[in-house]
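Down below is the structure, laid out as structure tokens.
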Amino acid sequence: MKKFAMAAVAAAALSAGVAQAYTVGTYSNGFVVPNVVHNGDADTTAVGIVNQTGNTVPVFWTFFDANSNHVTDGCFPMTNKDFEPFVWSQQSGNGLSGVRGYLVFAVGANTANTSAATACNVAAATAGAAANGQIGASAFQVTTGTQDVAYVPVIDGPLNLVSGSDLTILGPNSLLSVGGARAVGATASALIPPQTPNPSFSMRYAIDNTANAGLETRIVVWSTGDQRGTHTVNMYDAAQNRKSVNFALAEAELSFFNPETIPGRPANFGDGFIEWAPMSAEPADYPGTSGQSLFFLGGSVFTYSVINMPAFGAIQSILGTHN
């Protein structure tokens, strides 16, 4: 257990400065916070945004549920060099306590003459403004009861939106891909230079066979396509032992699942990783129309693990690595 915990801390520390297909910490026309939830001000996702565009810009945001349904949205102006704190429990509105989803932030139309008073006019809500926006962000899950401030990865843009999208009414099919996530399928093949269309993700876990207590892991899988279904994968422990198992992604674009509950997992598989190649095949139990899933159409995928480590008294977030 301690062996894994130390490795997890080291991996998390190194990930901030290592170049890979995931990109974080850059400026673009927008970004995605892939895992957002609040249970009041004492347990909430908090986002910090910086504007380096050179202009005053409107920042339009949309909250989608785990199945990518539009739930609520808003807009705020940012002057050049501005920092904006965005606390989800204070922005969400009524009825969203305990509802998990994701946030998309996008820069609207702006010029050197844009003012804070008029920036968020509906006329500025055009996705075509993408070329004139340089914002960046960081995010955390703040839980005051346990004094935890857990890192939430922010997926950098550029945001690839359907041409002509209105940023005030984004829907489940508006966001085609995100530059900071791993391209898969047709999306990867179309890039210059092309990326491998069928990458493999290694998703870390550390568990102790005690349900919802002690050493716990939740794996976050976010995508721009419909990822639902049961996936057959190889699961490895820390001694290179392998077991073929299945895990289910119940939600279309954001799943937050517990590897401890995977059927058939050997009891002594307490730490290691799950190897997942999402484009290998459409799941046999995919509940949508065959050919319309992520596994045929392609898009962007992003994974990370949230590990509660009692030995350190903290929650650690670790990016899922990929080829």
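The values are calculated or read from the model by the stated rules, or taken from the named source; none is laboratory data. Given the structure is predicted, the values throughout are model-derived calculations rather than measurements. Cβ: placed from backbone, ideal geometry, glycine included. Neighbour counts: every protein chain shown. Surface areas here come from the heavy atoms of the whole protein model, side chains and all, with no ligands, DNA or RNA. Shrake-Rupley method; radii C 1.70, N 1.55, O 1.52, S 1.80 Å.
Quick notes
- Estimated D of segment 145-207 in µm² per second, where Rh is the Kirkwood radius over Cα pairs and Stokes-Einstein applies at 37 °C, 0.692 mPa s: 223
- A 1.4 Å probe, protein heavy atoms only, puts the accessible area of ARG182 near 10 Å².
- Both radii are taken from the alpha-carbon atoms of segment 207-310; with Rh as the Kirkwood radius, Rg/Rh is 0.98.
- Accessible area per residue (1.4 Å probe, heavy atoms of protein chains only) ranks THR168, THR26 as THR26, THR168, with the largest value leading.
- Computed about the Cα centre, the dipole magnitude for segment 20-173 is approximately 200 debye when only Lys and Arg (+1) and Asp and Glu (-1) carry charge, each at its Cβ.
- Segment 220-279 and segment 131-149 have their alpha-carbon centroids 26 Å apart.
- Crossing angle, helix 2-15 versus the chain [Cα axis fit, 0-90 degrees, rounded to tens]: 30
- Apportionment of accessible area to carbon and sulfur, the chain, percent (1.4 Å): 54
- Principal axis dimensions, segment 75-127 - Cα atoms, whole angstrom, descending: 40, 22, 16
- Förster-model FRET efficiency, 41 Å R0, ALA281 and THR79, C-beta, rounded to 0.05: 0.25
- Proportion of all alpha-carbon pairs of segment 153-285 beyond 27 Å (%): 29
- A Förster radius of 51 Å, combined with the Cβ-Cβ distance separating ALA267 from ASN39, puts the computed FRET efficiency at roughly 0.95.
- Residue-wise HN-Hα coupling along segment 265-280, computed from phi with Karplus coefficients 6.51, -1.76, 1.60 (Hz; x: Gly, Pro): 5, x, 4, 8, 7, x, 8, x, 8, 10, 9, 10, 10, x, 8, 5
- Diffusion coefficient (Stokes-Einstein, Kirkwood radius over C-alpha pairs, 25 °C, 0.890 mPa s) for segment 57-185: 156 µm²/s, rounded to a whole number.
- Fraction in percent of alpha-carbon pairs per bin - 10 Å, the chain: 6, 26, 35, 24, 8, 1, 0
- Extent along the principal axes, Cα only, for segment 113-166: 44, 27, 18 Å, with the longest axis given first.
- Using Cβ point charges alone (K and R +1, D and E -1), the dipole size of the chain about the Cα centre works out to roughly 580 debye.
- From helices alone, the chain scores -2000 deg cm²/dmol at 222 nm; the rule is -39500 (n - 2.57) for each run of n ≥ 4 DSSP H residues, then divide by the residue total.
- Here's how it looks for ALA277: its modeled amide H is under 5 Å from those of PHE201, which are all 5 or more places away or on a different chain.
- Dipole of the chain, positive direction: furthest Cα of MET203, ASN94, ASN173, with charges on the beta-carbon: MET203
- The 3J(HN,Hα) values that the Karplus relation (6.51, -1.76, 1.60; θ = phi - 60°) gives for segment 189-195 are, in residue order, 5, 7, 6, 10, x, x, 9 Hz. Gly and Pro appear as x.
- For segment 255-290, the residues whose amide N sits under 17 Å from a probe point set 7 Å from the Cα of LYS243 along the beta carbon direction are 258-276.
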